[in-house]
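One structure is given here, and the rest of the page talks about it.
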Amino acid sequence: MDYDQTNPTEDPTVLEALRRYLNRPAEGIEAANSEDFLIKKDSRTRLVLFAIVCFLMGQFLIEFLREALGVIGVLFLLGGFILTVFAFLREKHSTAIKIEPDTDQEIEDESRMRIGWLLPSFVMAIVASLMYKQGSLSLVSGLLWVASIAAITAAFFQPKVNHKPDFRSLLLGLTGRPQKLIAYLVLIAAVLVFQFGKLPQAPPEIISSQVEAYYTVDGISNGDTYLWFPRNVISEPLSYYWAAIVNQFTGDSLSFSGLKFAYSLAGLVAFFYMYKLGRRLWDEKSGYISALLLGVGFWPILQQRSVLGFGLVLPIMVPALYYLYKSLQEDDLNSLLIASVLTGLGLLTNKIFIALVFANLLITIVYLTNSNRDKAKNTLIMRIGLGLIVGIVVTLPLIFVIAANPAGWTAPIFNQFSIANNPDGSSPLITFFNNLLSAVGMTNWNNHSSWVDGIPNRAALDWVSGAFFLFGICVTLFHDLFRSRRQAISLIVLYLLMLLPSAFSIAQPLENPSLSRALGAAVPVFLIAGRGLSFTIERLWSSEKESHWVRQALFIGLLGLMIIIRNFGLINSTYVQNYKASAWNATEMAEVIRNYNIGQTNNSQAYVVGFPHWVDARSVAISMDRPYTNLSILPQDLSSTLNLQTAKIFLLHINDSESLSQLQSLYPGGVATIYQSVHPDKNFLIYIASQ
């Protein structure tokens, strides 16, 4: 019959009708849940926005109104933490927590070791060590050492199919998106200005500790090959050899500005690898922002400019960490080799790298003690063994120095742990934990660095970077920890370990926290701050719409401009003013001597009369571009100048009345004047004795 031939879609059965009826509420609930999710997402976004405002307000008050409103600033920071926690708690309740394992690339069958390269590397390393003489590195032993590093690398290097970078595609990609090209050009231009701008003015004077570095580098340029420089703040040799190499390529005579140029040039390596590291850990935007913060931040730049031996720390440490993370995430032995070589070179640069050795070990343990890594071809034991073998070969010069001078090399380390000079006489353990707590607060509250290598009694970051560092800490602990656990834990471990060189200042706790000793912490700090700012942008504008891209660019541009202006002022104004107020005015003294000598047709003799806690005469000589002219003379030796039949000029401390009286008796016809310095407390006496 006709009614038996009905279409079920047009005339459903009772069961089908019931199913459709029951499905209708589900669709309604789904729509309601979707709307609910959007509402919750909007509320979380508002909480994040309010948290950012609190962090910015708190850091602003601490930065500019610390004495009056510092407590209120701290309350704002606490409010920001609470709001951020609430935002991420809502996110956890509204979405399922998932732990995303790091992407593992295809693992090859086995790693191959070449005995034919391994044995020669050991032989060359041993022969090189036998040729070291009295702390010096001869040309032959140096070449053998370099060859041993190349051989040990070749022994473990794993050949792969190399994918050459397609620069044409990269160029087309940039030109196809002009806004991206402009963004990168602006970034590079800003960093170049900060790295190389106003080198002679910041810092403006050379002091005794920098004088030692100057003569060390100049000695290397003239043939010295020492491996240990105990007179310097940092005794390890690599940073001085780097400056000497750069000076040879420039072709100019060594100058204080030349030293600063060498370390600024190395700073570009740290900047480039900070971008690569941030991009590897998160995304391109995080890498871009982290590189910007490092490239213009006053903290790392002042370590380069101060010329105290910290200029190569970040240019070696950042690439070492990049290749370490790459080796762990891709199970790549070649990257591990590079990281091990760089860590060994770091130990030849600064004792800070002892902390990096432990950081490498702990980060590796964090990544490999996981069931998902059981199939890794490069096991924990293999990685540790390879790192030790490569490290021993690379650090052979350091091992030789320690073996020849164990007490001298280890003295700076043990002096930090000494409790003999501890002012409060408290327990070393209590002092250490107090130091560690102070070091943790260094980035956002206060540091105790000297005026030479930092800006004391302020935070290590500008107020904008500091705010996003705090937010980045929250993102790491309450968001990334549940998405990429090993990476989040490794960053926190790295941050705390890199604070230890400063926190271990048991003997002089007032020197903690130190921007120089804790310089390694700048790597996780700028990474986390970059992550915080990038996460904020993604949370506020997650859409791919063109209007949202413009908003993101404007937001980054505005905050970036604020960061740039603040750091530029800190480097070229605050730091320079503090430096001038504390350092003796050697350049003014050099100018006085230079002008007098010109007036005497380059036929005169200058002297800087010694006085306690006054200018280093070598600083004056270097400022005159005559570094090996001996200007120094002690008061008891003034009578010896009578034998010199030429015009003479004497510079004296303003309070050195005894030397002035002696000169007046030796040269009755002389003329004494007071030089009026820009800083009145830096005035000095000039005594001119005619021939």
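Readers should treat all values here as calculations from the given coordinates under stated rules, not as data from a laboratory. Since the structure is predicted, the reported quantities are computational estimates derived from the model, not experimental observations. FYI the Cβ positions are ideal-geometry reconstructions off the backbone, even for glycines, and counts take in every protein chain you see.
Summary of values
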{"quantity": "Virtual spin-label span in nm between residue 154 and residue 402, 7 Å along Cα→Cβ", "calculated": "2.8"}
{"quantity": "Square roots of five times the Cα gyration tensor eigenvalues for the range 272-319, Å", "calculated": "22, 11, 5"}
{"quantity": "The range 288-409, relative contact order [Cα under 8 Å, separation at least 6], %", "calculated": "23"}
{"quantity": "Whether the range 307-461 is rounded, prolate or oblate, judged on the alpha carbon gyration tensor where a/c under 1.5 counts as rounded", "calculated": "prolate"}
{"quantity": "Charge-dipole axis of the range 206-582 as Lys and Arg at +1 and Asp and Glu at -1 on Cβ define it, positive-most pick from 468, 581, 498", "calculated": "468"}
{"quantity": "Dipole axis of the range 586-689 (+1 Lys, Arg; -1 Asp, Glu on Cβ), positive-most option in 640, 671, 597", "calculated": "597"}
{"quantity": "Burial ranking of peptide ranges 582-588, 72-78, 295-301 (average Cβ count within 10 Å, highest at the top)", "calculated": "295-301, 582-588, 72-78"}
{"quantity": "Alpha-carbon gyration tensor eigenvalues x 5, square-rooted, for the range 231-358, Å", "calculated": "26, 18, 12"}
{"quantity": "Label-point separation in nm, residue 573 to residue 193, each point 7 Å along Cα→Cβ", "calculated": "1.4"}
{"quantity": "Long-range HN-HN contacts of residue 632 with modeled amide H, under 5 Å", "calculated": "608"}
{"quantity": "By average C-beta atoms within 10 angstrom, highest first, the peptides 498-504, 136-142", "calculated": "498-504, 136-142"}
{"quantity": "Residues residue 177 and residue 381, FRET efficiency given R0 of 51 Å [Cβ-Cβ distance, rounded to 0.05]", "calculated": "0.65"}
{"quantity": "For the range 206-582, radius of gyration divided by Kirkwood radius, i.e. Rg to Rh on alpha-carbons", "calculated": "0.96"}
{"quantity": "Extension gain, residue 114 back to residue 664 (0.36 nm per residue minus Cα-Cα distance, nm)", "calculated": "190.2 nm"}
{"quantity": "Among 115-127, 275-287, the order from most to least packed when residues are scored by Cβ within 10 Å on average", "calculated": "275-287, 115-127"}
{"quantity": "Approximate spin-label separation residue 598-residue 147, in nm, with each point projected 7 Å along Cα-to-Cβ", "calculated": "5.4"}
{"quantity": "For residue 684, residues with placed amide H under 5 Å, excluding near neighbours", "calculated": "675, 677"}
{"quantity": "Hydrodynamic radius (Kirkwood) for the range 111-157, which is based on Cα pairs only, to one decimal in Å", "calculated": "10.8"}
